[in-house]
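Below you'll find the structure, written out as structure tokens, and then a few comments.
The values are calculated or read from the model by the stated rules, or taken from the named source; none is laboratory data. Since the model is a prediction, treat every value here as computed from it, not as a measurement. Neighbour counts are summed over all protein chains in view; Cβ atoms, including those assigned to glycine, are modelled from backbone coordinates with ideal geometry.
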Amino acid sequence: MDPLQQYKLAMTRRHFFGRSACGLGAAALGSCLNPSIFANDLAAGGDVATHGMMPALHHAPKAKRIIWLFMADGPSQLDLWDYKPKLGEYFDKDLPESVRNGQRITTMTSGQTRFPCAPSIFKFAQHGQHGAWISELLPNMAGVADDICIVKSMHTDAINHDPAITFITTGGEIPGRPSLGAWLSYGIGSPNDDLPSFVVLISRLAQGGQTQALFSRLWGSGFLPTKHAGVSLRSSGDPVLYLSNPPGVSESVRRQMLDGLGELNQERLAEVGDPEIAARIAQYEMAFRMQTSVPELTDISKEPKHVLEMYGDEVNQPGSFAYNCLMARRMAERGVRFTQIFLRGWDHHGGLPGSIRQLVKAADQPCAALIKDLKQRGMLDETLIVWGGEFGRTVYSQGTLTKDNYGRDHHPRNFTMWLAGGGIKPGIVHGETDDFSYNITEKPVHVHDLNATILHLLGIDHERLIHRHLGRDFRLTDVHGKVVTDILA
């Protein structure tokens, strides 16, 4: 008999599984020791496997992670990024009707008898190889002008805070949709097993600052499973509530409790098939792992002195913007997919010059330090940094206007954001506005365009990352959005 045929006849199912056990065991051990070795390409075309519901990325990514420095309440582009030298001639003169063209305004200024122009009192200078105009308020950011792409032509649909911030974070003005971070967690997951895929850090207010409320739905999962919602780390006590075991409960006891609870949840899941039960099981397991990973993450005692000094004096104060920027870099090192840092207080309807000076003291140095820190570690090319708020501010003054004091109302028609790293073309300015920073004159970028571009840089086609809910397909960019190819490296 043919030896091969004889071998096949002798190979029973018991023999097969007995001989294959060692190979499967070795593969399992290898996946535990180094999970990344199993994250290979799925196809010859180079599509990379994901850890989410998408089996593969739609195209090769430029960025692996995002850090969004969210300037909540709408920073004034006129006093930071959008230099308008001709405005000096219009001080206290009414904004020409041909500029406003009947566009809507908020109820906070609709009762004013006139709309006097308020040129910025701050000086601007050109920086970097391409001569980007940057305010004197941002000396540290001016030093990294060649690393950032300034987008002066952003615009949005909403004119008030809550719908505007909901719109830019979730793609819809009405609450209930998943946030950008939740979409990423759902679509491509995270290569990190010990920290959440999506982390939120809320910085404390600058001295004398006032702000609008922040709602957890801004980093919520909407109609996606709740395990994809952002995890907000606290600045005092346990970074996450109930992270520490209560007195008398050891790690082994905690493990036994979770195992027993997991068995009960598995039985219930098998009975009713509710996906939220599976999400709850995953969240309990993540919480257990975070008991070890989070304390290590938040311990900055081993950071070199020169790194701490780069972020500024407040870096050692948990909850400060400087501390949170350092945390963002540490999370990026540990594989967190999306870190969103909120810095509130930019809602300067009155007394703008004094208030904005306080905010830039907290914001300018840490932002520049984050770019430098990632760059010196070779991580900037794979980390996309986004800076900006939900809208801009008006050229006309709200309230009393003097030579050294003014306020500005909400302005959705145009505002400025900047991006760096992660496949973004550095050292350029994209888009332009009119002499009053009131209307866009070149290369408009809508909020949906921004989100489409962010997803593109992570290897995702924004039109194909969808979830069916209530009988229709939803996506982050609704039925709009196009990738802004001009700003891609």
Close pairs (6 angstrom Cβ cut-off, 6 or more residues apart or separate chains): of a type in the set (Lys, Arg) in the stretch 95-122, surrounded by fewer than 19 Cβ atoms within 10 Å (Cβ to Cβ) and not in a helix (DSSP H, G or I) anywhere = Arg114/Asp94
Can you tell me which residue in the stretch 273-299 is nearest to Arg330 (Cα to Cα), limited to those that are over 22 Å from the mean Cα position of the chain (by Cα) and among the β-branched types (Val, Ile, Thr)?
-> Thr292
Scan the stretch 83-103 residue by residue and report those that are in contact with an Asp or Glu (Cβ under 9 Å, 6 or more places away or on another chain) and under 30 Å from Phe342 (Cα atoms).
-> Lys84
Within the stretch 80-94, track down each residue that is more than 29 Å from the chain's Cα centre (by Cα), part of a loop (DSSP other than H, G, I, E, B) and among the hydrophobic types (A, V, I, L, M, F, W, C).
-> Phe91
Within the stretch 156-200, residues in contact with a Leu (Cβ under 8 Å, 6 or more places away or on another chain) and at positive phi come out as Gly171
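Residue by residue, here is whether (1) loosely packed, with under 13 Cβ neighbours inside 10 Å; (2) in contact with a Cys (Cβ under 6 Å, 6 or more places away or on another chain); (3) outside the structural domain of Leu326 (by TED's automatic domain parsing) holds:
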| residue | (1), (2), (3) |
| --- | --- |
| Phe223 | no, no, no |
| Leu233 | no, no, no |
| Glu251 | yes, no, yes |
| Arg255 | yes, no, yes |
| Leu261 | no, no, yes |
| Glu271 | yes, no, yes |
| Ile277 | no, no, yes |
| Thr298 | no, no, no |
| Glu303 | no, no, no |
Do the conditions hold for Asp449, that is, is it of a type outside the set (Lys, Arg), farther than 11 Å from Ile487 by Cα, touching a strand residue (DSSP E or B) at 6+ places or on another chain (Cβ under 7 Å) and not in a loop (DSSP other than H, G, I, E, B)?
-> no
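Each row is one residue, and each column tells you yes or no for (1) among the hydroxyl-bearing types (Ser, Thr, Tyr); (2) in contact (Cβ under 8 Å) with a residue 12 or more places away in the chain.
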| site | (1), (2) |
| --- | --- |
| Tyr186 | yes, yes |
| Ile202 | no, yes |
| Gly220 | no, yes |
| Leu224 | no, yes |
| Ser250 | yes, no |
| Gln256 | no, no |
Would you check if there is a residue in the stretch 274-296 being in a loop (DSSP other than H, G, I, E, B), touching a Pro at 6+ places or on another chain (Cβ under 9 Å) and more than 30 Å from His161 (Cβ to Cβ)?
-> no
Test result for Ala270, assigned to a loop (DSSP other than H, G, I, E, B) and over 14 Å from the mean Cα position of the chain (by Cα) = no
In the stretch 469-489, which residues are on the phi < 0 side of the Ramachandran plot and part of a loop (DSSP other than H, G, I, E, B)?
-> Arg475, Leu476, Thr477, Val479, His480, Lys482, Val483, Val484, Ala489
